[in-house]
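To start, the structure itself, in C-alpha coordinates.
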Amino acid sequence: MVKSMQVYEGKAKKVIPLDDGKVIMEFKDDATAFDGKKKAQFKGKGWLNAQISAVLFKVLEEKCVKTHFIGVAGDNRLIVERLKMYPLEVVVRNVVAGSLKKRLPIEEGRELPEPIVELYYKDDSLGDPMINHHHAKVLGISEGEIKEMERIALKVNEILKEYFAERGIILVDFKLEFGKNERGEIILGDEISPDTCRFWDAKTKKSLDKDVFRFDKGDLINAYEELYHRLTGEA
Ligand code: 5GP
(Lines give C-alpha, C1' and ligand atoms only; values in the text may rest on other atoms or scores of the structure.)
Protein backbone atom coordinates (compact mmCIF):
# COMPACT_ATOMS: atom_id res chain seq x y z
CA MET A 1 0.00 0.00 0.00
CA VAL A 2 1.39 3.38 -0.98
CA LYS A 3 -0.42 6.50 0.20
CA SER A 4 -1.12 9.27 -2.28
CA MET A 5 0.56 12.48 -1.18
CA GLN A 6 -1.80 15.45 -0.81
CA VAL A 7 -1.37 19.08 0.18
CA TYR A 8 -1.16 18.87 3.93
CA GLU A 9 0.12 20.53 7.06
CA GLY A 10 1.86 18.15 9.45
CA LYS A 11 3.20 18.82 12.94
CA ALA A 12 6.57 20.16 11.79
CA LYS A 13 6.19 20.71 8.03
CA LYS A 14 3.84 21.93 5.33
CA VAL A 15 3.89 20.04 2.04
CA ILE A 16 2.85 22.04 -1.02
CA PRO A 17 2.65 20.08 -4.30
CA LEU A 18 3.52 21.95 -7.49
CA ASP A 19 2.11 20.92 -10.85
CA ASP A 20 5.43 19.83 -12.37
CA GLY A 21 6.00 16.70 -10.28
CA LYS A 22 7.83 18.65 -7.62
CA VAL A 23 6.85 19.53 -4.06
CA ILE A 24 7.75 22.34 -1.68
CA MET A 25 8.53 21.18 1.87
CA GLU A 26 8.21 24.06 4.31
CA PHE A 27 9.77 23.52 7.73
CA LYS A 28 7.87 25.09 10.63
CA ASP A 29 9.15 26.50 13.91
CA ASP A 30 6.69 24.24 15.80
CA ALA A 31 8.01 21.41 17.94
CA THR A 32 5.91 18.56 19.30
CA ALA A 33 6.82 15.50 21.34
CA PHE A 34 5.13 12.56 23.04
CA ASP A 35 2.34 12.19 20.44
CA GLY A 36 1.70 15.93 20.39
CA LYS A 37 1.19 16.17 24.17
CA LYS A 38 4.16 18.53 24.50
CA LYS A 39 4.21 21.55 22.17
CA ALA A 40 6.28 24.70 21.71
CA GLN A 41 7.60 27.07 19.06
CA PHE A 42 11.25 27.96 18.51
CA LYS A 43 12.02 30.86 16.20
CA GLY A 44 14.59 29.69 13.65
CA LYS A 45 14.02 25.94 14.05
CA GLY A 46 12.37 25.65 10.61
CA TRP A 47 15.32 27.37 8.94
CA LEU A 48 17.86 25.17 10.76
CA ASN A 49 16.05 21.92 9.94
CA ALA A 50 15.66 22.87 6.26
CA GLN A 51 19.34 23.80 5.92
CA ILE A 52 20.63 20.77 7.87
CA SER A 53 18.41 18.42 5.81
CA ALA A 54 19.75 20.02 2.61
CA VAL A 55 23.37 19.48 3.72
CA LEU A 56 22.72 15.83 4.62
CA PHE A 57 20.73 15.03 1.46
CA LYS A 58 23.65 16.45 -0.59
CA VAL A 59 26.13 14.28 1.34
CA LEU A 60 24.01 11.20 0.56
CA GLU A 61 23.48 12.10 -3.12
CA GLU A 62 27.27 12.43 -3.50
CA LYS A 63 27.55 8.84 -2.26
CA CYS A 64 24.91 7.63 -4.75
CA VAL A 65 21.92 7.36 -2.39
CA LYS A 66 18.81 8.43 -4.30
CA THR A 67 16.87 11.06 -2.36
CA HIS A 68 13.92 13.32 -3.19
CA PHE A 69 16.09 16.45 -2.66
CA ILE A 70 16.26 18.89 -5.58
CA GLY A 71 17.31 22.16 -3.95
CA VAL A 72 16.78 24.86 -1.37
CA ALA A 73 13.82 27.08 -2.26
CA GLY A 74 14.00 29.87 0.28
CA ASP A 75 14.88 30.19 3.95
CA ASN A 76 12.88 27.33 5.41
CA ARG A 77 11.82 25.59 2.21
CA LEU A 78 13.22 22.72 0.18
CA ILE A 79 12.11 21.70 -3.27
CA VAL A 80 11.83 17.93 -3.62
CA GLU A 81 10.64 15.27 -6.05
CA ARG A 82 7.03 14.23 -5.54
CA LEU A 83 6.77 10.72 -4.07
CA LYS A 84 3.97 8.41 -3.02
CA MET A 85 4.98 7.85 0.57
CA TYR A 86 4.95 4.51 2.38
CA PRO A 87 3.17 4.78 5.75
CA LEU A 88 6.35 3.59 7.45
CA GLU A 89 9.09 4.94 9.68
CA VAL A 90 12.39 3.11 9.27
CA VAL A 91 14.56 3.60 12.37
CA VAL A 92 18.28 2.72 12.50
CA ARG A 93 20.12 2.56 15.84
CA ASN A 94 23.85 2.47 16.64
CA VAL A 95 23.67 3.19 20.36
CA VAL A 96 21.08 2.31 23.02
CA ALA A 97 18.79 5.31 23.68
CA GLY A 98 15.14 6.33 23.53
CA SER A 99 12.51 3.63 23.16
CA LEU A 100 15.14 0.86 22.74
CA LYS A 101 15.73 1.08 26.50
CA LYS A 102 12.22 -0.38 26.94
CA ARG A 103 13.01 -3.36 24.69
CA LEU A 104 16.48 -4.50 25.69
CA PRO A 105 18.07 -4.88 29.13
CA ILE A 106 21.06 -2.74 28.15
CA GLU A 107 21.88 0.64 29.63
CA GLU A 108 21.65 3.90 27.69
CA GLY A 109 24.79 4.86 25.79
CA ARG A 110 26.06 1.32 25.09
CA GLU A 111 27.18 0.91 21.47
CA LEU A 112 25.35 -1.89 19.69
CA PRO A 113 27.49 -4.68 18.16
CA GLU A 114 25.78 -3.97 14.84
CA PRO A 115 23.11 -1.48 13.74
CA ILE A 116 19.48 -2.39 14.47
CA VAL A 117 16.78 -1.57 11.91
CA GLU A 118 13.18 -1.23 13.10
CA LEU A 119 9.92 -0.59 11.24
CA TYR A 120 7.03 1.45 12.59
CA TYR A 121 3.57 1.88 11.06
CA LYS A 122 2.98 5.63 10.77
CA ASP A 123 -0.44 6.11 12.35
CA ASP A 124 -1.00 8.63 15.16
CA SER A 125 -4.28 6.99 16.22
CA LEU A 126 -2.40 3.72 16.90
CA GLY A 127 0.65 5.52 18.39
CA ASP A 128 3.01 4.53 15.51
CA PRO A 129 3.30 0.83 16.51
CA MET A 130 6.44 -1.19 15.78
CA ILE A 131 5.75 -3.77 13.06
CA ASN A 132 7.67 -6.53 11.26
CA HIS A 133 7.84 -7.80 7.66
CA HIS A 134 4.69 -9.89 8.13
CA HIS A 135 2.61 -6.91 9.30
CA ALA A 136 3.99 -4.85 6.40
CA LYS A 137 2.86 -7.52 3.94
CA VAL A 138 -0.70 -7.29 5.30
CA LEU A 139 -0.48 -3.52 4.68
CA GLY A 140 0.39 -4.25 1.03
CA ILE A 141 4.14 -3.59 1.28
CA SER A 142 6.12 -6.49 -0.15
CA GLU A 143 9.12 -8.25 1.36
CA GLY A 144 11.18 -6.93 -1.57
CA GLU A 145 10.17 -3.32 -0.88
CA ILE A 146 10.99 -3.66 2.83
CA LYS A 147 14.37 -5.24 2.04
CA GLU A 148 15.19 -2.37 -0.33
CA MET A 149 14.25 0.25 2.32
CA GLU A 150 16.36 -1.57 4.93
CA ARG A 151 19.29 -1.79 2.52
CA ILE A 152 19.15 1.96 1.78
CA ALA A 153 18.69 2.76 5.51
CA LEU A 154 21.86 0.81 6.41
CA LYS A 155 23.79 2.51 3.61
CA VAL A 156 22.61 5.92 4.88
CA ASN A 157 23.79 4.87 8.34
CA GLU A 158 27.26 3.90 7.10
CA ILE A 159 27.67 7.22 5.27
CA LEU A 160 26.26 9.49 7.99
CA LYS A 161 27.91 7.69 10.93
CA GLU A 162 31.31 8.39 9.38
CA TYR A 163 30.38 11.93 8.31
CA PHE A 164 29.28 12.84 11.85
CA ALA A 165 32.20 11.03 13.53
CA GLU A 166 34.58 13.25 11.52
CA ARG A 167 32.81 16.22 13.11
CA GLY A 168 32.99 14.95 16.69
CA ILE A 169 29.38 13.75 16.77
CA ILE A 170 27.92 10.31 17.50
CA LEU A 171 24.99 9.34 15.28
CA VAL A 172 22.97 7.51 17.95
CA ASP A 173 19.81 6.74 15.96
CA PHE A 174 17.55 8.20 13.30
CA LYS A 175 14.26 7.80 11.47
CA LEU A 176 13.83 7.71 7.69
CA GLU A 177 10.77 7.73 5.46
CA PHE A 178 10.59 6.40 1.92
CA GLY A 179 8.35 6.80 -1.10
CA LYS A 180 8.05 5.69 -4.71
CA ASN A 181 8.66 8.06 -7.61
CA GLU A 182 6.88 8.03 -10.97
CA ARG A 183 9.42 5.53 -12.32
CA GLY A 184 8.58 3.10 -9.49
CA GLU A 185 11.92 3.59 -7.73
CA ILE A 186 12.11 3.56 -3.92
CA ILE A 187 13.52 6.93 -2.90
CA LEU A 188 14.54 8.44 0.44
CA GLY A 189 12.07 11.21 1.33
CA ASP A 190 11.01 13.42 4.24
CA GLU A 191 13.80 15.12 6.25
CA ILE A 192 17.05 14.25 8.04
CA SER A 193 17.41 16.75 10.83
CA PRO A 194 17.88 17.04 14.60
CA ASP A 195 14.08 16.57 14.81
CA THR A 196 14.42 13.04 13.38
CA CYS A 197 17.86 11.91 14.61
CA ARG A 198 19.73 11.63 17.91
CA PHE A 199 23.14 13.32 17.82
CA TRP A 200 25.49 13.30 20.82
CA ASP A 201 28.66 15.31 21.19
CA ALA A 202 31.37 12.61 21.14
CA LYS A 203 33.25 14.05 24.14
CA THR A 204 30.49 15.30 26.45
CA LYS A 205 27.59 13.10 25.22
CA LYS A 206 25.51 16.29 25.21
CA SER A 207 22.37 16.04 23.01
CA LEU A 208 22.35 18.15 19.83
CA ASP A 209 18.81 17.14 18.82
CA LYS A 210 15.13 17.16 19.77
CA ASP A 211 15.82 15.35 23.08
CA VAL A 212 16.82 18.84 24.31
CA PHE A 213 13.12 19.77 23.95
CA ARG A 214 11.67 16.35 24.90
CA PHE A 215 13.55 16.18 28.19
CA ASP A 216 14.15 19.89 28.95
CA LYS A 217 17.92 19.56 28.54
CA GLY A 218 18.58 23.21 27.64
CA ASP A 219 18.07 25.59 24.73
CA LEU A 220 16.92 23.84 21.54
CA ILE A 221 18.06 26.58 19.16
CA ASN A 222 21.55 26.62 20.73
CA ALA A 223 21.82 22.85 20.23
CA TYR A 224 20.58 22.94 16.60
CA GLU A 225 22.88 25.91 15.83
CA GLU A 226 25.84 24.03 17.30
CA LEU A 227 25.04 21.08 15.02
CA TYR A 228 24.69 23.36 11.98
CA HIS A 229 28.01 24.99 12.83
CA ARG A 230 29.77 21.59 13.07
CA LEU A 231 28.38 20.61 9.65
CA THR A 232 29.00 23.79 7.73
CA GLY A 233 31.54 25.78 9.72
CA GLU A 234 29.05 28.68 9.54
CA ALA A 235 27.89 30.55 12.64
P1 5GP B 1 12.73 6.29 19.55
O2 5GP B 1 12.04 5.05 19.04
O3 5GP B 1 13.91 5.95 20.40
O4 5GP B 1 11.77 7.24 20.22
O5 5GP B 1 13.26 7.07 18.27
C6 5GP B 1 14.35 6.60 17.51
C7 5GP B 1 14.83 7.67 16.54
O8 5GP B 1 13.84 7.91 15.53
C9 5GP B 1 15.07 9.04 17.20
O10 5GP B 1 16.18 9.64 16.58
C11 5GP B 1 13.79 9.83 16.92
O12 5GP B 1 14.06 11.21 16.81
C13 5GP B 1 13.33 9.23 15.59
N14 5GP B 1 11.87 9.10 15.53
C15 5GP B 1 11.12 8.01 15.79
N16 5GP B 1 9.80 8.27 15.62
C17 5GP B 1 9.72 9.55 15.27
C18 5GP B 1 8.61 10.41 14.92
O19 5GP B 1 7.43 10.04 14.93
N20 5GP B 1 8.93 11.71 14.61
C21 5GP B 1 10.21 12.16 14.60
N22 5GP B 1 10.43 13.44 14.29
N23 5GP B 1 11.27 11.36 14.88
C24 5GP B 1 11.03 10.08 15.20
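Looking at region 187-207, I want the residues that are among the aromatic types (Phe, Trp, Tyr) and have a partner that is open to solvent by less than 20 Å² (accessible area, probe 1.4 Å) and within 9 Å of the ligand (Cβ to nearest atom) with Cβ atoms under 7 Å, at least 6 apart or on another chain. Which pairs are those?
That search, which allows pairs on different chains as well, returns 199/172; 199/209; 200/172.
How about region 34-74: which of its residues are in a loop (DSSP other than H, G, I, E, B) and farther than 16 Å from residue 11 by Cβ?
43, 44, 63, 64, 65, 66, 68, 73, 74
Out of 143, 107, 162, 114, which single residue is under 21 Å from residue 227 (Cα atoms), out of contact with any strand residue (DSSP E or B) (no Cβ under 6 Å at 6 or more places or on another chain) and not hydroxyl-bearing (Ser, Thr, Tyr)?
Working: 143 fails: under 21 Å from residue 227 (Cα atoms); 107 fails: under 21 Å from residue 227 (Cα atoms); 114 fails: under 21 Å from residue 227 (Cα atoms).
Testing whether each residue is under 21 Å from residue 227 (Cα atoms), out of contact with any strand residue (DSSP E or B) (no Cβ under 6 Å at 6 or more places or on another chain) and not hydroxyl-bearing (Ser, Thr, Tyr) leaves just 162.
If you check residue 167 against the conditions, is it at pLDDT 95 or above, more than 11 Å from the ligand (Cβ to nearest atom), open to solvent by 20 Å² or more (accessible area, probe 1.4 Å) and in a loop (DSSP other than H, G, I, E, B)? Talk me through it step by step, then tell me what you get.
Working: at pLDDT 95 or above: yes; more than 11 Å from the ligand (Cβ to nearest atom): yes; open to solvent by 20 Å² or more (accessible area, probe 1.4 Å): yes; in a loop (DSSP other than H, G, I, E, B): yes.
Spelling it out, residue 167 is indeed at pLDDT 95 or above, more than 11 Å from the ligand (Cβ to nearest atom), open to solvent by 20 Å² or more (accessible area, probe 1.4 Å) and in a loop (DSSP other than H, G, I, E, B).
Rundown of residues vs (1) without any contact (Cβ under 8 Å) to a residue 40 or more places away in the chain; (2) under 24 Å from residue 189 (Cα atoms); (3) open to solvent by less than 80 Å² (accessible area, probe 1.4 Å), yes/no style:
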site: 99; (1), (2), (3): yes, yes, yes
site: 106; (1), (2), (3): yes, no, yes
site: 110; (1), (2), (3): yes, no, no
site: 126; (1), (2), (3): yes, yes, no
site: 134; (1), (2), (3): yes, yes, no
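So that you can scan it fast, the table gives a plain yes or no per residue for (1) of a type outside the set (Val, Ile, Thr); (2) surrounded by 12 or more Cβ atoms within 10 Å (Cβ to Cβ); (3) at pLDDT 95 or above; (4) within 17 Å of the chain's Cα centre (by Cα):
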{"site": "2", "(1), (2), (3), (4)": "no, yes, no, no"}
{"site": "47", "(1), (2), (3), (4)": "yes, yes, yes, yes"}
{"site": "50", "(1), (2), (3), (4)": "yes, yes, yes, yes"}
{"site": "67", "(1), (2), (3), (4)": "no, yes, yes, yes"}
{"site": "91", "(1), (2), (3), (4)": "no, yes, yes, yes"}
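Please verify whether residue 26 is part of a strand (DSSP E or B), on the phi < 0 side of the Ramachandran plot, of a type in the set (Asp, Glu) and open to solvent by 30 Å² or more (accessible area, probe 1.4 Å), treating the condition exactly as stated.
Spelling it out, residue 26 is indeed part of a strand (DSSP E or B), on the phi < 0 side of the Ramachandran plot, of a type in the set (Asp, Glu) and open to solvent by 30 Å² or more (accessible area, probe 1.4 Å).
Select, from 182, 158, 234, the only residue that is without any contact (Cβ under 8 Å) to a residue 12 or more places away in the chain, outside any helix (DSSP H, G or I), more than 16 Å from the ligand (Cβ to nearest atom) and of a type in the set (D, E, K, R).
234
Residue under question is residue 115, and the condition is that it be of a type outside the set (D, E, K, R), more than 10 Å from the ligand (Cβ to nearest atom) and either surrounded by fewer than 15 Cβ atoms within 10 Å (Cβ to Cβ) or touching a residue at least 60 places away in the same chain (Cβ under 8 Å) (or both); does it hold?
no
Identify, please: which residue in region 69-81 is out of contact with any helix residue (DSSP H, G or I) (no Cβ under 8 Å at 6 or more places or on another chain) and touching a residue at least 24 places away in the same chain (Cβ under 8 Å) and is, among those, least open to solvent (accessible area, probe 1.4 Å)?
80
The values are calculated or read from the model by the stated rules, or taken from the named source; none is laboratory data. Keep in mind that what you see is a predicted model, and the values were worked out from it rather than measured. For neighbour counting, all protein chains shown are included, and Cβ atoms are generated from backbone atoms with ideal geometry for every residue, glycine included. These area figures cover heavy atoms from the full protein model, side chains too; ligands, DNA and RNA do not enter into them. Shrake-Rupley method; radii C 1.70, N 1.55, O 1.52, S 1.80 Å.
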